[in-house]
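The values are calculated or read from the model by the stated rules, or taken from the named source; none is laboratory data. Here the structure is a predicted model, which is why all the values come from computation and not from measurement. Cβ: placed from backbone, ideal geometry, glycine included. Neighbour counts: every protein chain shown.
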Amino acid sequence: MFVNEANIGWWAYPAHPEADVARQPVALREPFGELKQAAGAMAVVPGGLLALDPKGKSLHLYQQQDDEQQAAWTPVADLSLMNLKKPEGFSVHQDQGGLQVLVNDKDGERLYQGALNWAPKPVAVAAPLPSVMPASQSQSVGRQGDAADDPAIWVNPKNPALSRVLGTNKKQGLLAYDLSGKQLQELPVGRLNNVDVRPGFMLGSKNVDLAVASNRDRNSLSLFSIDRASGTLHEAGEIATPLAEI
């Protein structure tokens, strides 16, 4: 995924929804890079990136490098657009002869068409892993990065169809879902990691089922009681541990 930061430059981000929040520069403004004035619109083609400097009136071409460690980009050319008033956007079509470019000048006042005989070299990518489609699934958790983790299933002893899926949001707390993936509860007790369930626990004089989750905020165990009739969860305390990093 590519993002332009007008006064800084162009950035490449990993597009996987659970990837770490990290970025690599494609090109930066002077004095950190060769970009003269502003990072504007972009177009991506296999192995290459075309990017517009609307204030400097130029079109930049970049070739992606086959670097397994990071997304590395090499400048190929800086094409002058000085005859245009205000190049603001463009689109690219790739064919066997190269690249067909359409540039929008001054908010659609004029459109300019051109051809580039540059053909960026596609970079080999790893074959995607096979995907197994879910029978049901929840919505994405409301946090960035690696957040949803390690579910446990609580089985309703009288009506299994009313069972619950308990999942940790590793940046927020415990989430409870029905078997179709609809979120029913959110308990924001901290950065929970793993969760497990044990049935038939005596909490005072009441027989409940118990969910226990590791809490990274306080290196402790967070306890939750589960009502055996309704499946509703309640906070039931916390157990300290001597661990430095649970």
Worksheet item: Which residue pairs have Cβ atoms under 7 Å apart, sit 6 or more places apart or on different chains, and have a first residue in segment 227-246 that is at pLDDT below 90 and a second that is small (Gly, Ala, Ser) and surrounded by 14 or more Cβ atoms within 10 Å (Cβ to Cβ)?
Response: 246/214
Discussion item. Whether any residue in segment 79-91 is part of a strand (DSSP E or B) and farther than 24 Å from residue 1 by Cβ is what I want to check.
Written reply: yes
Worksheet item: When residues of segment 6-36 are filtered for being small (Gly, Ala, Ser) and either more than 26 Å from residue 88 (Cβ to Cβ) or touching a helix residue (DSSP H, G or I) at 6+ places or on another chain (Cβ under 7 Å) (or both), how many remain?
Response: 2
Worksheet item: For segment 120-189, which strands (runs of 3 or more DSSP E) that fit wholly inside it have 1 or more residues that are surrounded by fewer than 17 Cβ atoms within 10 Å (Cβ to Cβ)?
Response: 148-154, 183-187
Discussion item. Cβ-Cβ under 8 Å, sequence separation 6+ or interchain: first residue in segment 11-24 and under 18 Å from residue 74 (Cα atoms) and without any contact (Cβ under 8 Å) to a residue 24 or more places away in the chain, partner among the charged types (D, E, K, R) and assigned to a strand (DSSP E or B). Which pairs?
Written reply: 11/5
Practice prompt. Please work out if residue 57 is touching an Asp or Glu at 6+ places or on another chain (Cβ under 7 Å) and charged (D, E, K, R).
Written response: no
Worksheet item: Does segment 119-135 contain at least one residue that is closer than 30 Å to residue 81 by Cβ and without any contact (Cβ under 8 Å) to a residue 60 or more places away in the chain?
Response: yes
Item to complete: Might you check whether a residue that is closer than 30 Å to residue 95 by Cβ and touching a Pro at 6+ places or on another chain (Cβ under 6 Å) occurs anywhere in segment 119-133?
Response: yes
